[in-house]
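Notes follow once the structure below has been shown.
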Amino acid sequence: MIPIIEVQNLHYRYHDGTEALRGVSFKINEGECVGLIGPNGAGKSTILLHLNGLLPENKPRSPAILLAGQPITDESLLEVHKFVGLLFQNPDDQLFCPTVSEDVAFGPKQFGEPEEVVRNLVQDALNKVGLSGYDNRSAHHLSGGEKQRVCIAGILACQPRLFALDEPTKDLDPRGRRELKKLLKSIPTTKIIASHDLEMITELCSRTLVLDRGKIVADGPTVDLLSNEELMLVHGLEKPHILKHRHPHL
């Protein structure tokens, strides 16, 4: 079976010389929900931006990433953006249209879907995220959790094969986090979730990648890795409360 995503020895250095990724390799199969965890500056967001083709900028495309066996090229970027739906850390970076329905419709329109198909995709996506009837609301007047759901509706409307989510529970209150976790559980699409919210990672992801200083330092079953207090502490993390009563796998 061809993995939906295959990353092979991915390196990346930012303009200031910072080496963000140092030989990252992993595979994700269709239907998996994979956590991506690590301390600040580990390179989590940088990986997600590569998966969606937003990095590298103004450079030859890296042959290190395959989407369903196909490399990312400048010519395939539109298809790449449709294949990988990327959720940014800050919803305000993703919402820029006057109304909710226009924001959700933006992606399908860019991909050339007919107007009637776009309308159906928008309504279906808003129903799935619990925002039916919000069509003419301004996204910028919504709560943080509602903004996040509008962003997810926009991704759903594009019908991607992979969701790449960057800190989806950031800045959400407890109710917002609960609602978002319930929503993500209901979406069967393959997912990779980068987050410091290790409770969410434990609940949603059967497998986790631990990233530190631009390298994958562990890859395995979520509960086993996150129960390993020694591993967590060495890489600037803590065993989540939800696993506190479980004996560590060392």
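The values are calculated or read from the model by the stated rules, or taken from the named source; none is laboratory data. Values in this document were obtained by computation on a predicted structure and should not be read as measured data. Virtual Cβ from ideal backbone geometry, glycine too; neighbours counted across all protein chains shown.
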Inset, instruction - Output the residues belonging to region 7-27 that are among the aromatic types (F, W, Y) and either outside any strand (DSSP E or B) or over 18 Å from the mean Cα position of the chain (by Cα) (or both). - result: Y12, Y14
Inset, instruction - Specify the residue that is surrounded by the most Cβ atoms within 10 Å (Cβ to Cβ); the eligible residues are those in region 187-203 that are in contact (Cβ under 8 Å) with a residue 40 or more places away in the chain and more than 21 Å from F83 (Cβ to Cβ). - result: I201
Inset, instruction - Pairs only if they're at least six apart or on different chains, beta carbon under 9 angstrom, first in region 227-240 and on the phi > 0 side of the Ramachandran plot, second surrounded by fewer than 16 Cβ atoms within 10 Å (Cβ to Cβ) and of a type outside the set (K, R); list them, first residue then second. - result: G236/P39; G236/N40
Legend entry - Selection count where residues are within 12 Å of the chain's Cα centre (by Cα), farther than 16 Å from S143 by Cβ and of a type outside the set (D, E, K, R), scope region 158-189: 7
Inset, instruction - Could you identify the single residue in I155, I242, I193 that is in contact with a Gly (Cβ under 8 Å, 6 or more places away or on another chain), assigned to a helix (DSSP H, G or I) and not basic (K, R)? - result: I155
Legend entry - Candidate set: region 28-80, residues that are surrounded by fewer than 18 Cβ atoms within 10 Å (Cβ to Cβ), in a loop (DSSP other than H, G, I, E, B) and polar (S, T, N, Q); chosen: the one farthest from the chain's Cα centre (by Cα): N58
Inset, instruction - Would you mind finding the one in S132, S101 that is assigned to a loop (DSSP other than H, G, I, E, B) and over 30 Å from I47 (Cβ atoms)? - result: S132
Legend entry - Scope region 107-129; condition part of a loop (DSSP other than H, G, I, E, B) and within 18 Å of L95 (Cα to Cα); matching residues: F111, V129
Legend entry - Given (1) surrounded by 15 or more Cβ atoms within 10 Å (Cβ to Cβ); (2) under 22 Å from L231 (Cα atoms), index of the condition S25 fails: (1)
Inset, instruction - Determine whether region 95-113 contains at least one residue that is basic (K, R) and in contact (Cβ under 8 Å) with a residue 12 or more places away in the chain. - result: no
Legend entry - Matching residues, region 135-146, being outside any loop (DSSP other than H, G, I, E, B), surrounded by 14 or more Cβ atoms within 10 Å (Cβ to Cβ) and without any contact (Cβ under 8 Å) to a residue 40 or more places away in the chain: G145, E146
Inset, instruction - Return a yes/no flag: does region 207-214 have any residue that is in a loop (DSSP other than H, G, I, E, B) and more than 30 Å from V234 (Cβ to Cβ). - result: no
Inset, instruction - From the list V104, V118, pick out the single residue that is more than 24 Å from K170 (Cα to Cα), hydrophobic (A, V, I, L, M, F, W, C), buried (at least 20 other Cβ atoms within 10 Å of the Cβ) and modelled with pLDDT of 90 or more. - result: V118
